[in-house]
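Here, each number is a calculation from the coordinates, and none is a lab measurement. All values derive from a computational prediction rather than experimental measurement. As a convention, Cβ positions derive from the backbone with ideal geometry for all residues, glycine included, and neighbour counts pool all protein chains shown.
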Amino acid sequence: MAHHNYDVLIIGSGAAGLTAALNLADTLKVGVLAKAGLSEGSTAHAQGGIAAVLEAGDTFESHIEDTMIAGAGLNDRRTVEFVVEHAPAAIERLAALGVPFNPTEGEGHDRWHLTREGGHSHRRIVHVDDATGRAVQQALEKAAQAHPNITLITDMMAIDLVTGRHAVRYSGDGRVRGVYALHREKGHVALFTALRIVDPDAPTFASRQCFLQQFAIVKIDRHVDLARHVIRSVILRQHFAEKLCRVEIVFRQIFPEELAAADDVSLAHGE
Ligand SMILES: Cc1cc2nc3c(=O)[nH]c(=O)nc-3n(C[C@H](O)[C@H](O)[C@H](O)COP(=O)(O)OP(=O)(O)OC[C@H]3O[C@@H](n4cnc5c(N)ncnc54)[C@H](O)[C@@H]3O)c2cc1C
């Protein structure tokens, strides 16, 4: 079995994974795993834009309160505060990487054109036309590809964590030393180890594995109302993930694009 070793292994090549890679790569050798192509996560599909306090008169307190209300008070307030307070700097960083946020037309206004979306009491959304995520993904990929310390590995899906129980000398310490990853087309498995493993979606790793295994049983009949079936399939997957992995998924957002994907789902299961 092929074995690859890095200082840090990051699972995922979306906005979270590539940002983490770029932040670490000046001092560490970083490997980034993607289960498909580099751009085939949610990031490249995001459309509307990114929220931050950028408008004169807006405040972090207001953005935090709007976010707590939108999350029905279930959000972790410290996380909300951290994200809101760091959002303007994150947007500056993306602009410096080359994300061409739409500018405001005319002099004497805000630097970027801001839109206002549901739940926000101010105009906060910077955007690149209606394809913000694609522009963000492209800029991050370009920067990561140019970095000598970053290795981008596509089409390798992490299927299991490597812990002490896999070692020649058994250890029950639970420390994660790497992952086994499957090449989805060629079918071979490779071992990726590192001093540190970063899974930006770590809390949902288990649920993702369940989705992987349970998705096949979700049947979508193309002859009936697709919308109803897509929503039911999402709820079913959530139900199985919660039952099998003992995770609690409180919110799941359903995008209209899932309806477009419904045909692919049917095809994937030979229907
Ligand atoms: C249609 C749509 C519109 C959206 N619009 C907006 C918006 O306007 N504004 C906004 O803020 N957010 C929006 N979002 C949400 C936003 O896109 C996501 O929150 C964000 O992109 C998540 O980034 P990420 O890096 O965590 O995940 P992703 O970009 O999804 O990346 C996940 C990565 O993990 C990899 N991966 C997953 N499992 C494995 C595995 N087992 N092994 C190896 N690799 C694996 C994938 O290959 C991928 O590279 C939208 C999402 C969608 C789908």
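Once amide H atoms are built 1.01 Å from N in the peptide plane, which residues 5 or more positions from Tyr6, or in another chain, come under 5 Å H to H?
Thr193, Ala194, Leu195
I need the phi-derived Karplus couplings for the stretch 2-8: 6.51 cos²θ - 1.76 cosθ + 1.60, θ = phi - 60°, integer Hz, Gly and Pro marked x.
With the stated coefficients, the stretch 2-8 comes to 5, 10, 10, 10, 9, 5, 10 Hz.
Fewest first, what order do Lys142, Lys35 take by the number of other Cβ atoms within 10 Å?
So the residues, fewest neighbours to most, are Lys142, Lys35.
How long is the gain from Arg184 to Asp7 if the chain were fully straight, where each residue apart is worth 0.36 nm and the alpha carbon distance is subtracted? It would help to have the intermediate numbers written out before the result.
Working: separation 177, 0.36 × 177 = 63.72 nm, distance 2.48 nm.
Extra length available between Arg184 and Asp7 comes to 61.2 nm.
Using unit Cβ charges (K, R positive; D, E negative) and no other charged atoms, how large, in debye to the nearest 20, is the dipole of the stretch 48-130 about its Cα centre?
180 debye
With θ taken as phi - 60° and the coefficients 6.51, -1.76 and 1.60, list the Karplus ³J(HN,Hα) couplings across the stretch 21-28 in order, rounded to whole Hz; mark glycine and proline as x.
With coefficients 6.51, -1.76 and 1.60, one gets 4, 5, 6, 9, 6, 5, 10, 9 Hz.
Please give the FRET efficiency for Gln145 paired with Phe60, using the beta carbon to beta carbon distance and R0 = 22 Å, rounded to the nearest 0.05. Mind dumping the intermediate values first?
Numbers: r = 34 Å, r/R0 = 1.56.
Using R0 = 22 Å, I get an efficiency of 0.05.
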